[in-house]
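Okay, so here's the structure we're looking at.
The values are calculated or read from the model by the stated rules, or taken from the named source; none is laboratory data. The structure displayed is predicted, hence computed values, not measured ones. Heads up, the Cβs are rebuilt from the backbone with ideal geometry, glycines too, and the neighbour counts pull from every protein chain shown. All accessible areas refer to the heavy atoms of the entire protein, side chains included, with ligands and DNA or RNA removed. Shrake-Rupley method; radii C 1.70, N 1.55, O 1.52, S 1.80 Å.
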Amino acid sequence: MKLRILTHAERDLRGSLDYLWPQFMAHDQVVNTFWPRLYEFFPDFQFWVVDGRETVGYACTVPVRWDGLAEPRGIDWALSNGQSGEPTTLCAVVAGLQPDYRGKGISAVLLRRMTALATAHGFDAMIAPVRPTWKERYPLIPIESYVKWRREDSFHYDPWLRTHERIGGEVLDPAPRSMTITGSREEWEEWTELQFPEDGDYVVPGALATVRFEGGVGTYVEPNVWVRHPA
Ligand SMILES: CC(C)(COP(=O)(O)OP(=O)(O)OC[C@H]1O[C@@H](n2cnc3c(N)ncnc32)[C@H](O)[C@@H]1OP(=O)(O)O)[C@@H](O)C(=O)NCCC(=O)NCCS
C-alpha cells in the first residue's frame, strides 16, 4: 500500500472511485444542486486518497459562515445558508474509503489534513455533520439518544464519532435533518430493491432512520451529529 492524499486542484479524479453509499443517498436536492460547484469553486478543499494508480477514498470540505450553533439541517445547511457571507469556518461534508481501506486509521489522517487546511486558511475550526457509521444498525433510536451512547472506556459507542473524538473533535448536538431525500414509491423501489406496498414507516438497509411513506411519496430525513475540531 502506497497511499497519497491529493487535492482536486492537483488531480481531477472524479469518476475514478466506486460509489460508496446506499443508492438513495444520491437524491438529496440541495446536495445535488451544489455539488458541481464544490469542485469548480473550491478545488483546493477537495481531497482524493490514492493507492498507486487506484483511487481508494475521498473527502470534501467547503468554507461556511458559522455562528457556533449546531444547525439542524447539517449538510443541507452547509451547502445553502452556510454559503452566505464571509466564511469563518471549514465544514467537512463527506469522507469515504473503499471497504478494504477501512479500519486502518486512514480516516484520522484525512481528518487531520482537513483541520490543517482550516488552520492554513485562518478559519476558527473544522466542523462536520458526521454520519455515524453504526447508526444504521439502530434506525429506530432517536439520534438524540444515540449520540449519548458511550463505551466503558468513555469513548463514543459509534466508531466514526470515536475516531473524530480521538483526534480532538468535540461532539456537539445532532443535526436531525442533515439531508432530506424524497421520491415516489417507484423511485424508492428502484433505489432500494424493496417494495413499499402501503403507506407507513419502513426500515431500509443503509438508512440511519426509517423512511416514511405518505400518499405514495417516501421521505427520508437523515440524522447526523455535529463535531467541531478546533483549528
Ligand atoms: C467513515 C469512514 C471514512 C471511517 O473510516 P474507517 O477506516 O472506518 O475509520 P477508522 O480506521 O478510524 O476506524 C474506526 C473504528 O472502526 C473500526 N473499523 C472500521 N472498519 C473496520 C474494518 N473493516 N475492520 C476492522 N475494524 C474496522 C476501527 O478498528 C476503529 O475502531 P476503534 O475505534 O475501536 O479502533 C469509513 O468507515 C467509510 O468510508 N464509511 C462509509 C462512508 C461513510 O459512512 N462516511 C461517513 C460520512 S461523514
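Calculated [222 nm] ellipticity per residue, helices only, for the chain: -6500 deg cm²/dmol; basis is -39500 (n - 2.57) per DSSP H run with n ≥ 4, divided by all residues, nearest 500.
At most 16 other Cβ atoms within 10 Å and a DSSP loop assignment: could you name the chymotrypsin sites (Phe, Trp or Tyr not before Pro) in region 1-78 that fit? Can you show the working numbers first?
Numbers: sites: 19, 24, 34, 39, 41, 45, 47, 48, 58, 66, 77; in loops: 19, 66.
Qualifying residues, ordered by number: 19.
Size estimate for the chain follows the Kirkwood approach: the inverse of mean 1/r over distinct Cα pairs works out to 18.3 Å. Distances between placed amide hydrogens fall under 5 Å for residue 91 paired with 62, 64, 127, all partners being 5 or more residues away or on another chain.
Fully extending the segment from residue 33 to residue 100 would add 21.0 nm, taking 0.36 nm per residue of separation and subtracting the current Cα-Cα distance.
Taking 7 Å steps out from each Cα toward its Cβ at residue 217 and residue 4 produces label points 4.8 nm apart.
The distance linking region 128-180 with region 202-223 is 19 Å (Cα centroid to Cα centroid, whole angstrom). Taking a straight line from the alpha carbon of residue 104, these lysines sit under 22 Å away, with near neighbours fewer than eight places off in the same chain left out: 2, 135. Shown for the chain: the carbon plus sulfur share of the solvent-accessible area, taken with all protein chains present and a 1.4 angstrom probe, equals 49%.
Tell me, what is the percent relative contact order of region 1-146, built from C-alpha pairs under 8 Å that lie six or more residues apart?
Numbers: 182 pairs, mean separation 31.1, N = 146.
Normalised by residue count, the contact order of region 1-146 is 21 percent.
At full extension, residue 155 and residue 189 could sit 8.5 nm farther apart than now, given 0.36 nm per residue minus the alpha carbon distance. Length gained on full extension, residue 18 to residue 40, computed as 0.36 nm times the residue gap minus the Cα-Cα distance: 5.8 nm.
Rounded to the nearest whole Å², what accessible area per residue is found for region 122-231 with the 1.4 Å probe? Write out the running numbers ahead of the final one.
On the way: 5370 Å² over 110 residues.
Per residue, region 122-231 has 49 Å² of solvent-accessible surface.
Using a simple charge model, +1 on the beta-carbon of Lys and Arg, -1 on the beta-carbon of Asp and Glu, nothing else, what dipole does the chain show about its Cα centre, in debye to the nearest 20?
Numbers: 24 positive and 32 negative charges, 206 e Å.
So the dipole magnitude of the chain works out to roughly 980 debye.
Solvent-accessible surface of protein heavy atoms, probed at 1.4 angstrom with all chains present, puts 13, 110 in the order 13, 110, largest first. Backbone phi angles across region 93-109, fed through the Karplus curve with coefficients 6.51, -1.76 and 1.60 (θ = phi - 60°), yield HN-Hα couplings of 10, 6, 8, x, 10, 4, x, 5, 9, 7, x, 10, x, 5, 5, 5, 5 Hz in residue order; Gly and Pro are listed as x.
For a paramagnetic label modelled on residue 141 (point 7 Å from Cα along Cα→Cβ), amide N atoms under 20 Å away belong, within region 212-227, to 221-227.
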